[in-house]
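Student: Before we start, here is the structure in question, set down as structure tokens.
The values are calculated or read from the model by the stated rules, or taken from the named source; none is laboratory data. Quick caveat: nothing in here was measured; it's all calculated off a predicted structure. When we count neighbours, we look across all protein chains shown, and the Cβ atoms used for this are built from the backbone with ideal geometry, even at glycine. These accessible areas exclude ligands, DNA and RNA; they are computed on the full protein's heavy atoms, side chains included. Shrake-Rupley method; radii C 1.70, N 1.55, O 1.52, S 1.80 Å.
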Amino acid sequence: MKVLLVGSGGREHALAWKLAQSPDLTDLHAAPGNPGIAALGRCHPVRAEDGEGLLGLAGELDAGLVVIGPEGPLVAGVADELRHAGFVVFGPGAAAARIEGSKLFAKEVMRAAGVLTAEVLDEPRTPCVIKADGLTAGKGVFICRTEEELQAGLRAAAALGAETVAEELLEGEEISLFALASGTNALPLPAARDYSRVGDGDIGPNTGGMGSFSPVPGLGEHEAAELVDTIHRPVLEELSRRGTPFVGVLYAGLMLTDDGPRVLEFNARFGDPETQVILPRLAGDLLPALAAAGRGELDDVELEAGEESAVTVALTAPDYPLQGDSGTPIEGIEDAEASGALVFHAGTALRDGRLVTNGGRILNVTALGADLADARERAYAAVEKISFAGVRYRTDIAALVGVDG
Ligand code: AMP
Ligand code: GLY
């Protein structure tokens, strides 16, 4: 099967790496891809948001499956355009992707589906969380414990120009739980933890994600399946009932509170960098699973997770998330790979034959190990082998869980 993969980040490199192992794959193409993906398939200079360009490319290639990574094109309806033209697509159409694109819509669907989420407050008050509606790349959420934070949060959310919601502040352990979905069918993937704050000890601003690990101790296959039954399935049924069935990855960001799990958000795609720990742990073949979901035939698919644990550390530009960096030479990737680690490109470019930085999150270093402590040690040993001027990363990814994980 010929596959066209849409996107250019570490998540898409991990998808490309996993798809490239499938005996069903004949050709891998990416739009626009990145230098890491270019080692696995052919990259085409078509932007992920360019629906018309993607339609033309998919036609030229006669793609058997189009896999869309990022939320932008999904919310914009690129999957609809491709599907209408007859392509098999892994990724929801615009109407179903609103579950990520609009927090107000997500709340309404959850209410109708009877899925528990943070309560919406009539009036903002401390403590609470202020959220701007719409796609904000992790920058539209403000945790307000003090009156000062609340005023600043309200101002910042208003500055984003969208409607805002105030909701109760939930406390607990946060996890990411994905299910491959097709209409009302759902196939749970292993749970993962993401680190969204920029600094060690979870301080500083929110980012796209500074690292991740999987499995989450205490949340094995059985527990994940139970959560998918009570959270993902009712939402998928509600979306189908509305005539907008969801095809793709339904990603639930959950807070495990003392009162039970609560949904923080839904996303309509694979998480980044959770995908970089989940896919390396999967023993099964991803390509037939994505193709089956795209065709609406997910019922009989199984995807087993292996025994190993995985840890990913994001290497970022010095001023990320404020700003990225470009043109700084990167060294040491081969050494890191020789140690057994996987190095996924997230924001890199080739200039005059040289690999350089090109973004905020530059590389994701993933290692597998017998347990989380082992995977963590291997991941950081590989991180040390890579260098570029100003490189920054968290040193506490999977640190506390590794002991008994
Ligand atoms: P979201 O984009 O809605 O997932 O929010 C981004 C991050 O803000 C989440 O990953 C949580 O860490 C935090 N967050 C969002 N909503 C809440 C909430 N109701 N209570 C506590 N933390 C929250
Ligand atoms: N890791 C957070 C996200 O993908 O939205």
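Student: In nm, what is the difference between 0.36 nm times the number of residues separating Ala283 and Asp229 and their Cα-Cα distance?
Tutor: Details: separation 54, 0.36 × 54 = 19.44 nm, distance 2.26 nm.
This chain segment gains 17.2 nm when fully extended.
Student: Right, next: Quick one, can you get me the convex hull of the C-alpha atoms of the chain expressed as volume per residue in Å³? It would help to have the intermediate numbers written out before the result.
Tutor: On the way: hull volume 54.2 nm³, N = 405.
Dividing the Cα hull volume of the chain by its residue count gives 134 Å³.
Student: How far is it, in nm, from the label point at Glu334 to the one at Asp300 when both lie 7 Å from their Cα along the line to the Cβ?
Tutor: Result for the modelled spin labels: 4.6 nm.
Student: Moving to a separate point now. Output ³J(HN,Hα) for region 326-333: one whole-Hz value per residue in order, computed from phi by the Karplus curve 6.51 cos²θ - 1.76 cosθ + 1.60 with θ = phi - 60°, and x for Gly and Pro.
Tutor: Working through the residues one at a time gives 9, x, 7, x, 10, 10, x, 4 Hz.
Student: On to the next question. Report the residue, chosen from Arg111, Arg197, Arg262, that carries the largest GNM mean-square fluctuation when the chain is represented by alpha-carbon nodes joined by springs under 10 Å.
Tutor: Answer for the Gaussian network model of the chain: Arg111.
Student: For region 351-405 and region 198-270, what is the separation of their C-alpha centers, rounded to whole Å?
Tutor: Taking the Cα centre of region 198-270 as reference, the centre of region 351-405 is 24 Å away.
Student: With Cβ to Cβ distances under 14 Å as the rule, what net charge do the other residues near Ala48 carry (K, R +1; D, E -1)? Walk me through the numbers before you get to the answer.
Tutor: Values: positive: Arg11, Arg47, Arg269; negative: Glu12, Glu49, Asp50, Glu52, Glu71, Glu81, Asp272.
Spelling it out: positives minus negatives among the neighbours equals -4.
Student: Another question about this same structure. How high is the FRET efficiency between Ala156 and Arg47 when r is their beta carbon distance and R₀ equals 25 Å, given to the nearest 0.05? Don't jump to the answer; show the numbers that get you there.
Tutor: Values: r = 29 Å, r/R0 = 1.15.
E(calc), rounded to 0.05, equals 0.30.
Student: May I have the count of lysine pairs in the chain with C-alpha atoms under 30 Å apart, counting pairs 8 or more residues apart or located on different chains? All intermediate terms of the calculation are to be shown ahead of the outcome.
Tutor: Numbers: Lys2/Lys18; Lys18/Lys139; Lys18/Lys385; Lys103/Lys131; Lys103/Lys139; Lys107/Lys131; Lys107/Lys139; Lys131/Lys139.
Step by step, the pairs that qualify in the chain add up to 8.
Student: For the chain, report the accessible area per residue in Å² (1.4 Å probe, heavy atoms, rounded to an integer). It would help to have the intermediate numbers written out before the result.
Tutor: Values: 16600 Å² over 405 residues.
It amounts to 41 Å² per residue over the chain.
Student: Can you give the Rg to Rh ratio for region 1-153, taking only C-alpha atoms and Rh from Kirkwood?
Tutor: Details: Rg = 19.2 Å, Rh = 17.4 Å.
Here Rg/Rh amounts to 1.10.
Student: At 7 Å along Cα-to-Cβ for each site, give me the label-to-label distance between Glu171 and Asp200 in nm.
Tutor: Once both label points are built, they end up 2.6 nm from each other.
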